[in-house]
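The values are calculated or read from the model by the stated rules, or taken from the named source; none is laboratory data. Keep in mind it's a predicted model, so treat the numbers as computed, not measured. Here the Cβ is made from the backbone with ideal geometry for all residues, glycine too, and neighbour counts use every protein chain on show. Areas reflect the complete protein model, heavy atoms only, side chains present, ligands, DNA and RNA absent. Shrake-Rupley method; radii C 1.70, N 1.55, O 1.52, S 1.80 Å.
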Amino acid sequence: AASQDTMRKRHYCLAQQTAILCSIISHPCITLISGWTNHYQILPLTTKKTCTTDVSSIFQYQYTTTTPSSTQLKSRNSPTLHDETTTKASSRTNNNLFDDLIQRFQGDFDNYNQVISDRAAGLLPGPGGGHEHIHCTLLPLPTTIMEGNEDNNDNDVMSNKKCVLAAYYFDGIPSKIFRFRLYQLQPAEEEDADTSDKVLMKLFTLKPTVEGALRQCVDPTQWSQIIRGIICNEEDKNSNSDLVDVCGVALTGCEVMWCSSPSRELHAYLFHDDEEAIISSSSINDAVHAYMVNSPVEIDSTMIPGTKLNVMDELSLWPDELWINDRGYDLDGNFVYGNQRGVPYAMERVSYIEDDERIVTDNGLAWTLGPKWRTEDEFQEKMEAIGGVTTRYNK
């Protein structure tokens, strides 16, 4: 009960989870069930946990290589202790989904613990079936430079469109950003029942001048001010300058749709081959899920100039976890990036970002935020634990 104030809101029932947690940590091992092969493994926890630790972190990610062609994610299997949450997805309204998504889709996420589990199972990135170590920073941005101006009457624009700047980097090194994206989110048009409970997310790359300016600063809490300065310096600036027009280049056809319920076909990583849920239905319904509207989409590669790729992506977002199943193929169908077993990058929340300030929620992963959050010895120890920097697998 003493740890109640530290637990995230709107998550699992504290009393019930604490009882489970205490029973787990009193035993040196945790049983993980592989539903794909009916094989049961008993594996030691990688880190000693205490009752003050976030309950969700107890359920370690583990993987199996029995059937590489199938989606074999073994997630924290959230206990089915509060079945009332199974109605959450169906009861969300469009506005509630939008508000919920905006609250979650921000901050820092990192999959280091997943990589540790991969290496323990002998899985390396690429053909080896493992994952690279990837960090995702999601920074909420004002839609116009007039945010906070009480004289601005365009309240509908401000409340129904939100922008998020995303940066993805390898190995806990913020200077190794391999992808910038600008996302614009808004409730989907309620033209029919199919879009009545969905949020549309448009994708943009950054204009070279904007990306260049951001790369000069490794502190994302400063990026909003940099972008404000760029907008204010535009010759055609006006009171309602559109951020995406000034800073972004649309990725036509790459729109993503967020919804309350997953698709058993598109979000196959949540289900066994027999369509039984891999994790509890309550946990699935506590997430919001996304898919590309026009998948697969042919785009120009930003990492390999002159190369065309067919890309596919699905996502699932909990309050404290973000799963990204992003992968790309060349036009001949050869795998280029992503996880070749169809296992999402399972990223745990490291921080929230509020008013351009990071609020760390997982001290165990804070080192992934950059050099000022760790010592050099700590960084080297973390890299050695996963066999060195993972970018060496992507040459």
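Scanning segment 298-335 for residues that are touching a strand residue (DSSP E or B) at 6+ places or on another chain (Cβ under 8 Å), open to solvent by less than 50 Å² (accessible area, probe 1.4 Å) and of a type in the set (A, V, I, L, M, F, W, C) turns up Ile299, Leu309, Val311, Leu315, Leu317, Leu322, Trp323, Ile324.
Between Val293, Val288, the distinction of being of a type outside the set (Lys, Arg), within 18 Å of Leu200 (Cβ to Cβ), surrounded by fewer than 19 Cβ atoms within 10 Å (Cβ to Cβ) and touching an Asp or Glu at 6+ places or on another chain (Cβ under 7 Å) belongs to Val293 only.
Tell me, yes or no, whether segment 277-284 has at least one residue that is part of a loop (DSSP other than H, G, I, E, B) and either in contact with a Gly (Cβ under 8 Å, 6 or more places away or on another chain) or under 24 Å from Thr205 (Cα atoms) (or both).
The initial filter retains those residues of segment 277-284 that are part of a loop (DSSP other than H, G, I, E, B), namely 278-280.
If we keep only those that are either in contact with a Gly (Cβ under 8 Å, 6 or more places away or on another chain) or under 24 Å from Thr205 (Cα atoms) (or both) as well, we get 278.
Yes.
Is it the case that some residue within segment 111-130 is at pLDDT below 50 and surrounded by fewer than 21 Cβ atoms within 10 Å (Cβ to Cβ)? No - not one qualifying residue is present in segment 111-130.
Restricting the search to segment 106-124, which residues are among the aliphatic types (A, V, I, L, M) and either at positive phi or not in a helix (DSSP H, G or I) (or both)? Steps first, answer last, please.
Our first condition is that a residue be among the aliphatic types (A, V, I, L, M); within segment 106-124, this holds for 115-116, 120-121, 123-124.
Passing the criteria: Ala121, Leu123, Leu124.
Of the residues screened, Glu378 is not one that is charged (D, E, K, R) and part of a strand (DSSP E or B).
A quick yes/no check of all residues on (1) among the hydroxyl-bearing types (Ser, Thr, Tyr); (2) modelled with pLDDT under 95; (3) in contact with a strand residue (DSSP E or B) (Cβ under 7 Å, 6 or more places away or on another chain):
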site	(1), (2), (3)
Asp236	no, yes, no
Ser239	yes, yes, no
Val244	no, yes, yes
Ser263	yes, yes, yes
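Tallying residues that are in a helix (DSSP H, G or I), surrounded by 14 or more Cβ atoms within 10 Å (Cβ to Cβ) and not basic (Lys, Arg) within segment 381-391 yields 4.
Selection of segment 336-358 for residues being in contact (Cβ under 8 Å) with a residue 24 or more places away in the chain, open to solvent by 40 Å² or more (accessible area, probe 1.4 Å) and either assigned to a strand (DSSP E or B) or of a type in the set (Phe, Trp, Tyr) (or both) yields Val336, Tyr337, Tyr352, Glu357. In segment 154-208, of all residues being at pLDDT 95 or above and in a loop (DSSP other than H, G, I, E, B), the one that is surrounded by the most Cβ atoms within 10 Å (Cβ to Cβ) corresponds to Gly172. Checked against the criterion of being closer than 16 Å to Val199 by Cβ and of a type in the set (Ser, Thr, Tyr), the candidates Ser316, Ser301, Ser295 yield just one match: Ser316.
Of everything in segment 266-309, what is charged (D, E, K, R) and over 20 Å from the mean Cα position of the chain (by Cα)? Give them in sequence order. It would help to see each step written out before you state the result.
At the first step, the residues of segment 266-309 found to be charged (D, E, K, R) are 273-276, 286, 298, 300, 308.
Passing the criteria: Asp273, Asp274, Glu275, Glu276, Glu298, Asp300, Lys308.
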